[in-house]
Amino acid sequence: MRLSGLQRDVLSLYRKCLRESRKKDAIARPHFESFARQEFEKSIGLDKKDFSTIEFLLRKGHRQLEMYSSPGIKDIR
Amino acid sequence: MFRTALLRSARRATSQAARSSGAIARPVVPSSFITKSRFAPSAFQAARCYSAAAGLSKPEVEGRIVDLLKNFDKVSDPSKLSPTSHFSNDLGLDSLDTVEVVMAIEEEFSIEIPDKEADAIHSVDKAVEYILAQPDAH
């Protein structure tokens, strides 16, 4: 399957989210992982040509990732 | 008094000259050769002991990846698991699941796969191939 640049960006963001989850406590880590998964699944039905929406969500996702990767945030539910 | 001092210093000078000329006359190359040949082999042996490579074999890598997928609850049909199965076509995984699998493989072999290579891994045999090409995977 060939991926477009935007699709690769989305997968790269998801990978970053999982990498950041690894830095959290062993107990909280699955919570962060499932939260990331849920956030992505919210817009799984989006048309792949809806570029502006996807770009907006990517920016939003990066901002969220930055926020949740702060070491002060220990757990999420 | 002055004469004895003069004699003594003269004697010292001659003895020193003899000693240094002796050192010059001594063949330098063979002595360094001897010390090398005496110590070099033991140093080599120590290095060999520590550098014995425990490379990963192909069946071992395949087994570990298949085991990892067995424990992955999103695999739709575990009976289709084989060393050649494709993540999305055979196992029914979507692209996010594929990312999760590749990240799990990273952790299993304690390496980091760059995004570009990770995007190219879509099947078990691709993953095995990639792991075998990594010298620091273990």
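The values are calculated or read from the model by the stated rules, or taken from the named source; none is laboratory data. Computed from a predicted model, the values in this text were never measured in an experiment. When we count neighbours, we look across all protein chains shown, and the Cβ atoms used for this are built from the backbone with ideal geometry, even at glycine. These accessible areas exclude ligands, DNA and RNA; they are computed on the full protein's heavy atoms, side chains included. Shrake-Rupley method; radii C 1.70, N 1.55, O 1.52, S 1.80 Å.
Can you list the DSSP H helices in chain A whose Cα atoms extend at least 18 Å along the helix axis and whose mean Kyte-Doolittle hydropathy is -0.5 or higher?
A:51-68
Sum up the lysine pairs in segment A:5-68 that clear both bars: alpha-carbon distance under 29 Å and a spacing of 8 or more or different chains.
12
So if I restrict to the alpha-carbon atoms in segment A:5-68, what is the Rg, and what is Dmax, the biggest pairwise distance, in Å?
Just the Cα atoms of segment A:5-68 yield Rg and Dmax of 12.1, 38 Å.
Residue-wise, which Karplus ³J(HN,Hα) couplings in Hz belong to segment B:112-127, taking 6.51 cos²θ - 1.76 cosθ + 1.60, θ = phi - 60°, and x for glycine or proline?
Residue by residue, segment B:112-127 yields 10, 9, x, 3, 4, 5, 5, 5, 8, 8, 10, 8, 4, 5, 4, 5 Hz.
Relative contact order, percent, of chain A when contacts are C-alpha pairs under 8 Å separated by at least 6 residues?
It comes to 47 percent, rounded to a whole number.
Take each of the peptides A:23-32, B:56-65, average the number of other beta-carbon atoms within 10 Å over its residues, and list them starting from the highest.
Final packing ranking: B:56-65, A:23-32.
Take the eigenvalues of the Cα gyration tensor for segment B:60-138, scale each by 5, and report the square roots as semi-axes in whole Å, largest first.
For segment B:60-138, the semi-axes come out at 19, 13, 11 Å.
Can you tell me which lysines have their Cα less than 29 Å from the Cα of B:LYS80? Leave out same-chain residues fewer than eight positions away.
Cross-link targets: B:LYS58, B:LYS70, B:LYS116, B:LYS126.
Can you show me the helix-derived [θ] at 222 nm for chain A, built from DSSP H runs with n ≥ 4 at -39,500 (n - 2.57) apiece and divided by the number of residues, rounded to the nearest 500.
Per the formula, -21500 deg cm²/dmol.
Let me check I've understood the local charge: for B:SER88, count other residues with C-beta under 15 angstrom from its C-beta, Lys and Arg +1, Asp and Glu -1. What total comes out?
That works out to -3.
Name the long-range amide H neighbours of B:SER123: under 5 Å, sequence gap of 5 or more, or other chain; modelled H, no Pro or chain starts.
B:PHE87
Could you give the distance between the Cα centres of segment B:60-78 and segment A:45-77, to the whole Å?
Taking the Cα centre of segment A:45-77 as reference, the centre of segment B:60-78 is 29 Å away.
Averaged across B:89-102, how many Cβ atoms of other chains sit within 10 Å of each residue's Cβ atom?
3
Filter the GluC sites (Glu not before Pro) in chain A down to the DSSP loop ones having no more than 16 other Cβ atoms within 10 Å, then list what survives.
none
Using a 1.4 Å probe on the protein heavy atoms only, what accessible surface does A:ILE54 show? Give it in Å² to the nearest 10.
30 Å²
Determine the sum of side-chain charges near A:SER12: Lys and Arg each +1, Asp and Glu each -1, restricted to other residues whose C-beta is under 12 angstrom from that of A:SER12.
Net of charged neighbours comes to +2.
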